[in-house]
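Here it is, the structure, as structure tokens.
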Amino acid sequence: MGNKLTDGRDVRFVLYEQLRVEALCRSERFQDHSGETFDMILDAAEKLAANEFMPTNSRGDEVGCTWEEGKVKIPESFHAPFRKYCEGGWLSMCEDEAVGGQLVPVVVDFACKEMFFAANYALAGYMGLTHSAAKVIEVYGTDEQKASYMVPLYEGRYAGTMNLTEAQAGSDVGSIRTKATRNPDGSFSIQGTKIFITGGNQDVTENLVHIVLARIEGDPDGTRGLSCFVVPQRRVDAEGRIVEENDVTCSGIEHKMGFKGSATCVLNYGDNGNCRGELLGPERKGIVVMFHMMNEQRVLVGLQGLAQGSTAYMHALGFARERMQGPAFGTKGPEQVPIIRHPDVRRDLLWMKCSTEGLRALIYYTVYCMDRLSVAADEEETLEWRDLVDMLTPICKAYATDRGFDVCTRSLQVHGGYGYCREYGVEQFARDSKIATIFEGTNGIQALDLFGRKIRMREGAALKTLLAKMYGDVEEAGKVPELAGYADDVSKAIAALDAVTKELLDRVSSGDAYTAYSWATPYLEVFGDIVLGWMFLWQARIACEKGATSSGDDPFYASKLDTARFYIGSLLPLVHGKIQAIMRNEEAFSRMEEAMFPDPA
Ligand SMILES: Cc1cc2nc3c(=O)[nH]c(=O)nc-3n(C[C@H](O)[C@H](O)[C@H](O)COP(=O)(O)OP(=O)(O)OC[C@H]3O[C@@H](n4cnc5c(N)ncnc54)[C@H](O)[C@@H]3O)c2cc1C
């Protein structure tokens, strides 16, 4: 593959050599596939992403979305690739044949989506939500709801949206005020205002299906009183024909720093008292239902961080090979060399290589665990794969999006002044990618999920499963003579993670929860750094098995081995300093009362 989206060789290395995804085809679910069909799918995705999505990216950013009298227009140039994606069956690719799918493993789909999100983040975002809406109806919907909404969503005739946020209810989902009132026919009247709704209105699909969190009148406050509803933009009859408009209006769109081709809408439900919704799943279990949609979205948002970082890195590489500046290192003469030869730039590029390859391994592995979960043979296997997915989900979401954004800004830096100018495209990656750290639960909320919930899940058993897996791979790598020292480094980092986890949990149980929670984000960062160390050691072992030497037949393996060595030898050691800071628990933090901050008012 030769495009500016992803490193296709690395994509295939993770899929086929690290995760050995062809082995999934031994299960009944994936039996119709093979490495060849996966390759065909990847090639087709690359074509669509590079030829149809990418050329519309910059134009979409320039023209953005427009709102007029309640109707939203997304960039005209998005329409054709949007339709091609839907007509090509990409939305339902991983689903059962009964719903038009081809039972492709999700990990292969994610490798394709990495290209789509790299090529045009705003455009690909519409598809991600549409798939999640279809999926949540597939899992929780009635037969009628599946026929009316899920099928046209998977076909891409309808698009899906996810509606949690209200002005007073951002991270605090329990404060949602949108109301649902029972009607005699079993439907509900919905009333309330949702803000920041991605794709809340657009002019491509014939209908929209809003998945909405609301509170049935009389139900308790907080998240435990929330229920989930399917609210069509236009009502459909039993035969699936669109019969009339529902009372859902879009009263405006946001003007944002990036992600401009994506319509971010204010949606008013039931302004005229005539908005009909249908309960999705059990009453007062809305948060569980919505979490089904959100968990899928969270790993997907992590992929978005990786994808934007990946294309930013590829752009930086292309630029650094061509941009000439002097003097050449160690000379005083006028000779100019490509900036990739300047040590500071090369270090930046290697940092970006480590970040994107490490994140790719982390995200693909997490999604591979989902595939393994879907074909688990017994309860024990189910528990193991679920533990791994649960533990890694907040890390994928938060660590990958923070790192992805950092890669975008470093790419901009490598471009110098040109990076700051529109023509080179990288400033758009920096602006676009920032949103991934904010939506789907801010990264701060992800850190709370990891520290407050996941590491205590099943009394710490899920964390133990993950640590055991990491130690197992470290032991394997330690048997390779070239890697023994690196395995020792990763092993020490995992031990330090274990120790800092215990220390923080001790602080919580000894009544110092406030300061313990103040470390949630640095803790997640350290966790992510160490998970990447594990991934690189695993990859280095494979590179060694393939005979990685600088004179080897395939330079990819030598490059992979040295990338892993650089990460473990130069970047991973930084975690010890970060952990030391957490362990020291500087008391100044506790003394820093609110009044000690300046008052800007
Ligand atoms: C472009 C865009 C698209 C979006 N798309 C959708 C969508 O499709 N559907 C949807 O429902 N929403 C969507 N959102 C909303 C998004 O999910 C919220 O913006 C996000 O959840 C944060 O809520 P908030 O903006 O109210 O910030 P707040 O919740 O006010 O958070 C502000 C800051 O405080 C921190 N914070 C808040 N509470 C806590 C706490 N308890 N502990 C620690 N830190 C805390 C946060 O981490 C954050 O840093 C979108 C937003 C944008 C900008």
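The values are calculated or read from the model by the stated rules, or taken from the named source; none is laboratory data. Bear in mind that the values here come from a model prediction, so they are computed numbers and not experimental data. Don't worry about glycine lacking a Cβ; one is built from the backbone with ideal geometry, like all the others, and counts go over all protein chains shown. Heads up: the accessible areas ignore ligands, DNA and RNA and are worked out on the full protein's heavy atoms, side chains in. Shrake-Rupley method; radii C 1.70, N 1.55, O 1.52, S 1.80 Å.
For every other residue with a beta carbon closer than 15 angstrom to the beta carbon of R321, add +1 if it is Lys or Arg and -1 if Asp or Glu, then tell me the sum.
Value of the local net charge: +2.
In the neighborhood of P152, defined by Cβ-to-Cβ distances under 12 Å, what is the net charge if each Lys or Arg adds +1 and each Asp or Glu adds -1? Please list the in-between numbers first.
Values: positive: K146, R157, R234, R241; negative: E155, E206.
Neighbour charge sum, excluding P152 itself: +2.
Sequence gap at least 6, Cα distance under 8 Å: using those rules, report the relative contact order of the chain to the nearest whole percent.
12 percent
Cα axis of helix 484-509 to longest principal axis of the chain: angle in degrees, 0 to 90, nearest 10?
50 degrees
Across 5 Å bins from the origin, how do the percents of Cα pairs in the stretch 205-269 run, short distances first?
So the P(r) values, bin by bin, are 4, 14, 17, 18, 17, 16, 10, 4, 0.
Largest first and to the nearest Å, give the Cα extent of the stretch 230-307 along each principal axis.
42, 32, 25
In percent, what relative contact order does the stretch 160-284 have, based on Cα pairs under 8 Å that are 6 or more apart in sequence?
Averaging sequence separation for qualifying contacts and normalising by length gives 31 percent for the stretch 160-284.
Filter the trypsin sites (Lys or Arg not before Pro) in the stretch 174-258 to those in DSSP coil with at most 11 other Cβ atoms within 10 Å of their Cβ, and list the result.
Numbers: sites: R177, K179, R182, K194, R215, R224, R234, R235, R241, K256; in loops: R177, R241, K256.
Those that pass, being in a loop and sparsely packed, are R241.
If you average the C-alpha positions of the stretch 354-388 and of the stretch 92-111 separately, how far apart do those two centres end up, in angstrom?
For the stretch 354-388 versus the stretch 92-111, the Cα centre distance is 17 Å.
Here is a further query. I'd like the distance between the alpha-carbon centres of the stretch 205-248 and the stretch 114-139, rounded to an integer number of Å.
20 Å
Right, here's the next one. When only the heavy atoms of the protein chains count and the probe is 1.4 Å, how do V407, V243, V508 rank by accessible area, highest first?
From most accessible down to least: V243, V508, V407.
Tell me the Kirkwood hydrodynamic radius of the chain in angstroms, computed as one over the mean inverse distance between distinct C-alpha pairs. The partial results should precede the final answer.
On the way: mean 1/r = 0.0395 Å⁻¹.
Hydrodynamic radius (Kirkwood, Cα pairs) of the chain is 25.3 Å.
Report, by chain and number, residues whose modeled amide H sits under 5 Å from the one on R234, excluding near sequence neighbours (fewer than 5 apart, same chain).
L208, N246
Moving on to the next point. Tilt of helix 343-374 relative to the longest C-alpha principal axis of the chain, in degrees (0 to 90, nearest 10)?
50 degrees
Out of residues 5 or more away from L226 or on other chains, whose amide H comes under 5 Å of its own, with H placed 1.01 Å from N in the peptide plane?
G286, I287
Calculate how large, on average over all directions, the projected area of the Cα convex hull of the stretch 460-601 is; give the answer in nm² to one decimal.
11.4 nm²
Hey, another quick one. To the nearest 500 deg cm²/dmol, what mean residue ellipticity at 222 nm is calculated for the chain from DSSP H runs of n ≥ 4 alone, each contributing -39,500 (n - 2.57), summed and divided by the residues?
On the way: 19 runs with 299 residues, N = 601.
Per the formula, -16500 deg cm²/dmol.
Can I ask one more? Roughly what angle does helix 76-87 make with the longest principal axis of the chain, taking Cα atoms, 0 to 90 degrees, to the nearest 10?
Approximately 90 degrees, to the nearest ten.
Further, regarding this structure: Roughly how many whole Å is it from the C-alpha centroid of the stretch 433-486 to that of the stretch 542-590?
About 15 Å separates the Cα centre of the stretch 433-486 from the one of the stretch 542-590.
Given charges of +1 on the Cβ of Lys and Arg and -1 on the Cβ of Asp and Glu, with all other atoms neutral, how large is the dipole of the chain about its Cα centre, in debye to the nearest 20?
Dipole about the Cα centre, nearest 20: 1180 debye.
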